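Here is the structure we will look at.
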Amino acid sequence: MLLRCLSLYRRPLVLLICLLPMGSFSLELKGELVQGGMLIGRVTPGEQVEVMGRSVRVDDQGLFVFGLGRDAPAEIKLTHTNGANEVTTFSYAVEQRVYREQRVEGVPQKTVTPPPEVLERIRREATLVREARTVDDRRTDFLSGFVKPLEGPITGVYGSRRVYNGTPGNPHYGLDIAAPTGTEVFAPAPGVVTLVHREMFYSGGTLLIDHGYGISSTFIHLSELLVEEGQQVGPGDPIARVGATGRATGPHLDWRINWFDVRLDPALVLDQFPAAK
Ligand SMILES: [Zn+2]
């Protein structure tokens with residue numbers, strides 16, 4: 001197909017204007033094409049978008065969102081189908097990151113090599129979290145942008161390879177912010193509480209907030225939960241208190257952002273989509 005595309009790559013905005021033989025359409029992407037990044041796009045309402053073989057919700061304004069995981073490939077494909085069922089596929093380069101190793105000493109040894117009798121509990125809890133992240137709600141709360149859920153020194157970052165008490169574990173997906181036990185945690189964006197669990201094996205006090213379109217926040221190691229499932233929260237509302245529950249060496253908040261099961265980098269999302277002051 002004859003396709004002429006003008007790509008203006010002005011980070012963090014990627015704008016693609018395509019002139020097709022049968023007409024023209026525009027596809028707009030906001031956000032950085034980097035591992036861990038969140039991207040908000042716009043097409044003409046009624047058109048369809050597929051990213052990495054996965055169809056994404058396009059609303060009646062033409063808005064859609066997707067995320068790139070920690071190990072997203074160097075090139076991704078986005079397929080666009082217009083109202084006349086004409087299909088165009090775009091390739092985008094995804095910036096590849098280098099993740100550091102972080103050694104964590106002093107976590108409870110049972111959380112590094114869990115005894116067999118807790119494996120069933122671990123599986124059950126993982127299922128609860130996984131299911132909460134399948135919520136696909138039409139609310140566009142994520143469009144308000146994000147603020148830090150609390151202020152404090154950053155003690156852990158997204159993507160790092162973790163070694164717990166000398167044993168290699170899963171990569172770290174959250175942004176760790178240190179604060180004394182009991183410090184209030186605030187909602188980083190509007191949303192609806194989809195999971196409240198007081199004591200998970202790895203994550204301790206755990207809270208999930210859905211921001212719409214599969215974008216969710218997860219908060220772990222909490223000492224206290226101040227909201228209930230189904231509750232609507234506004235940006236800056238107190239939702240929980242910092243703790244050191246689960247696999248933790250000291251009090252801190254671990255904040256994660258997902259696009260469904262795809263784990264995004266909260267620091268990147270904060271940087272690219274800050275809430276209007
Ligand atoms: Zn953490």
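Please treat every number below as a calculation from the coordinates, not as lab data. Quick caveat: nothing in here was measured; it's all calculated off a predicted structure. For neighbour counting, all protein chains shown are included, and Cβ atoms are generated from backbone atoms with ideal geometry for every residue, glycine included.
Using per-residue counts of other Cβ atoms within 10 Å, averaged over each peptide, order 150-159, 184-193 from highest down.
Top of the packing list down: 184-193, 150-159.
Please work out, to two decimal places, the log10 of the ratio I(q)/I(0) at q = 0.15 Å⁻¹ from a Debye calculation in which every Cα of the chain carries one identical scatterer.
Taken in order of the listed q values, log10 I(q)/I(0) reads -1.10.
Could you state the angle between the C-alpha long axis of helix 119-132 and the longest principal axis of the C-alpha atoms of the chain, as a value from 0 to 90 degrees rounded to the nearest 10?
Tilt relative to the chain: about 40 degrees.
What residues of segment 216-256 lie in the reach of a label at Asp136, counting those whose backbone N is under 15 Å from a point 7 Å from the Cα along Cα→Cβ?
Counting only backbone N, you get 216.
Count the lysine pairs in the chain whose Cα atoms sit under 28 Å apart, keeping only pairs 8 or more residues apart in sequence or on different chains.
4
If you take the alpha carbon radius of gyration of segment 65-153 and divide it by 2.2 N^0.38 Å, what ratio comes out, to two decimals?
Dividing the Cα Rg of segment 65-153 by 2.2 N^0.38 Å gives 1.67.
Using Cβ contacts closer than 10 Å as the measure, can you line up Lys77, Lys148, Lys30 from fewest to most?
Ordered from fewest to most neighbouring Cβ atoms within 10 Å, Lys77, Lys148, Lys30 come out as Lys77, Lys30, Lys148.
For the chain, what relative contact order do you get, as a whole percent, if you take Cα pairs closer than 8 Å and at least 6 residues apart?
Computed value for the chain: 17 percent relative contact order.
Debye sum, Cα scatterers, segment 108-148, no solvent: what log₁₀ I/I(0) at q = 0.17, 0.27, 0.34, 0.35 1/Å?
-0.68, -0.95, -1.06, -1.07
Going by how many other beta carbons lie within 10 Å of each one, how would you line up Phe64, Phe90, fewest first?
Fewest to most other Cβ atoms nearby, the residues stand as Phe90, Phe64.
Sticking with the crude label model, points 7 Å out along Cα→Cβ, report the distance from Asp59 to Glu224 in nm, one decimal please.
Each label point is offset 7 Å from its Cα along the Cβ direction, giving 3.5 nm.
Taking the Cα of Glu184, stepping 7 Å toward and past its beta carbon, and measuring to each backbone N in segment 232-259: which are under 14 Å?
Backbone N within reach: 234-242.
How long is the gain from Asn170 to Glu199 if the chain were fully straight, where each residue apart is worth 0.36 nm and the alpha carbon distance is subtracted?
8.4 nm
If amide H atoms are built 1.01 Å from N in the plane of the peptide, which residues on other chains or at least 5 residues away come under 5 Å of the amide H of Gln231?
Excluding prolines and chain starts, which carry no amide H, the hits are Val193.
Suppose the chain between Glu50 and Val112 were pulled fully straight at 0.36 nm per residue; how much longer would it get relative to their current alpha carbon spacing?
That pair, Glu50 and Val112, stretches by 18.5 nm at full extension.
With each label point set 7 Å from Cα along the Cα-Cβ vector, what nm distance links Arg124 and Leu143?
The two pseudo-label positions are separated by 4.1 nm.
Can you work out the Karplus-derived ³J(HN,Hα) for every residue in segment 158-165? Use 6.51 cos²θ - 1.76 cosθ + 1.60 with θ = phi - 60°, whole Hz, and x for glycine or proline.
5, x, 4, 7, 9, 10, 9, 6
Please turn the phi angles of segment 38-46 into ³J(HN,Hα) values with the Karplus equation 6.51 cos²θ - 1.76 cosθ + 1.60 (θ = phi - 60°), one per residue in order, whole Hz, x for glycine and proline.
Using θ = phi - 60°, the values come out as 10, 10, 10, x, 9, 10, 6, x, x Hz.
Could you tell me how far the Cα centroid of segment 210-267 sits from the Cα centroid of segment 185-200, in Å?
5 Å
Once phi is turned into ³J(HN,Hα) by the Karplus curve 6.51 cos²θ - 1.76 cosθ + 1.60 with θ = phi - 60°, what whole-Hz value does each residue of segment 236-250 show in order, with x for glycine and proline?
With coefficients 6.51, -1.76 and 1.60, one gets x, 5, x, 10, 6, 10, 4, x, 9, 7, x, 7, 9, 9, x Hz.
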